[in-house]
1. Restricted to region 142-166, and to residues that are within 30 Å of ARG318 (Cα to Cα) and hydrophobic (A, V, I, L, M, F, W, C), which residue is farthest from the ligand (Cβ to nearest atom)?
2. What are the residue pairs meeting all of these: first residue in region 257-271, first residue closer than 18 Å to ALA422 by Cβ, second residue near the ligand (Cβ under 8 Å from one of its atoms) and assigned to a strand (DSSP E or B), Cβ atoms under 8 Å, and 6 or more apart or on different chains?
3. Within the group ALA15, ALA105, ALA98, which residue is of a type in the set (A, V, I, L, M) and open to solvent by 30 Å² or more (accessible area, probe 1.4 Å)?
4. Report whether or not VAL349 is closer than 27 Å to PHE63 by Cα, open to solvent by 40 Å² or more (accessible area, probe 1.4 Å) and in a helix (DSSP H, G or I).
5. For region 266-290, what are the residues that are assigned to a loop (DSSP other than H, G, I, E, B), within 13 Å of the ligand (Cβ to nearest atom) and of a type in the set (A, V, I, L, M)?
6. Could you check region 409-444 and list, in sequence order, the residues that are open to solvent by 20 Å² or more (accessible area, probe 1.4 Å) and within 21 Å of the chain's Cα centre (by Cα)?
7. Being part of a loop (DSSP other than H, G, I, E, B) and within 23 Å of the chain's Cα centre (by Cα) is the filter; apply it to region 109-133 and report the residue that is nearest to the ligand (Cβ to nearest atom).
8. Suppose we keep only residues that are in a loop (DSSP other than H, G, I, E, B) and either open to solvent by 30 Å² or more (accessible area, probe 1.4 Å) or among the charged types (D, E, K, R) (or both) within region 388-408. Which one would you say is farthest from TRP42 (Cα to Cα)?
Amino acid sequence: MPKTESAAWLQRDAAAVWHPFTQHSRWLDDEPTVVERAEGPWLYDIDGNRYLDGVSSLWVTTFGHGEPAINDAIREQLARLDHATFLGATHRPGIELAEELLSTAPTGGERALGKVFFAGDGSSAVEAALKMAYQYSVQTGRARPLFVRLAEAYHGDTLGSVSVGGIGLFHATYKPLLLKTVEAPSPAVFDRRTTDPATAAAEAAAGLESLMAEHGDEVCAIIVEPMVQAAAGILTYDASYLTAARALADRHGALLICDEVAVGVGRTGRMWASEHAGIVPDLLIAAKGLTAGYLPLSAVLATDEVYNAFLGAPAEARTFFHGHTYTANPLCAAAALANLRLMRERELVKRADELGVLLGERLAALTRHEAVTGIRRLGVMAAVDVADKGERAGVAVCKAAKRRGVWLRPLGNSVVLMPPLALRPEETDLLVGALDEAIAEVYA
Ligand code: PLP
């Protein structure tokens, strides 16, 4: 197919489409890919070129594209029921998915996640969890209108989720519109004098403790991305912070919300990242990998204690007045159910843990480049920091990798690697090999 195919589509795109998180004054300069089809870990553009999907199509893919068992599950569901409202009705895939999700939920101590509320994507699940936490405070004693958020956090782009975000570039503009929050320090080794993760976590926990001492009575929830602040640049942190946050939430009668949108569903080598610390949150948010990347669906897992606070006679208005037209869409639920069952059958979480170790070994070789200033990884999520090189070093490296058949996306000067959890060893070599050559080219 001639190269002009993609150029023509990009002209039409530029004339009609407004893309997310995109500065359109330079959209075409960045040579966007016109994706035509995908198979396994491979994306094919409309000109017939193929690229290894090194970021799992924005961190969602588990098995890879076009997994026959998931395709079949969606097709079979389509033949039975395309959509039905979840208001006053229910359906098998929704029920079975809730059961399957709860069977995977983190356990430990007395707290147990016992109910599932469905939403459409990460942001809308965060939005639901924030409203639940506030309403829970109202219905269990006293309205607590304050949320504790972490510096460098990203929880989505709706107004509630922006309120609990901490990345200036994304969030500063909307400040006048937002919910009441207080910012706790990031637990990651980031802009700190220490390079020891345990020390960084302890310092941040001390910061959280003093914040809760001052504001605790007003706080309905502390929200964290467990183990990794993903959108901030895969900022990994020590599990001890989560243990401390759990204890502080309990001491002050606040809920702990674990946003597992990026880190959940096997991504960190555990089904849920909260498991690294052995904690159970009051609300756990899942999205992204939940449907293996096939269809949009997210979920908030809640403890029975939270759920029970919403029970009462209709006139008491304790109902959670929240939900969307496509809540628990059966096709999405069928995709998620097939994904979770397949993950269990094929022991994908264990394989992801092993893949993570291999990825870590391969990435370690990149330290030979002077331009590589840091590498962070947990499970199958990693970032390679490259030296500042005037503007957009990360973009330059990703472009060079793309010329070598590997598709990556940067976050500032960090190149993110989030391949499918089922990536094979030879594909892992290809992924890191292309990045290696790309860095060599850009910094030659
Ligand atoms: N929470 C976290 C931790 C995320 O990383 C993201 C997206 O990257 C979101 C929430 C928002 O999810 P979505 O983009 O599906 O709305």
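The values are calculated or read from the model by the stated rules, or taken from the named source; none is laboratory data. For clarity, every value in this text was computed on a predicted model and none was experimentally measured. FYI the Cβ positions are ideal-geometry reconstructions off the backbone, even for glycines, and counts take in every protein chain you see. All accessible areas refer to the heavy atoms of the entire protein, side chains included, with ligands and DNA or RNA removed. Shrake-Rupley method; radii C 1.70, N 1.55, O 1.52, S 1.80 Å.
1. ALA143
2. GLY264/ILE285
3. ALA15
4. no
5. Hit for region 266-290 is ALA287, nothing else.
6. Correct list: ARG409, PRO410, LEU411, GLY412, ASN413, ALA422.
7. Looking at the filtered set, the residue picked out is ASP121.
8. Residue satisfying both the conditions and the ranking: GLY390.
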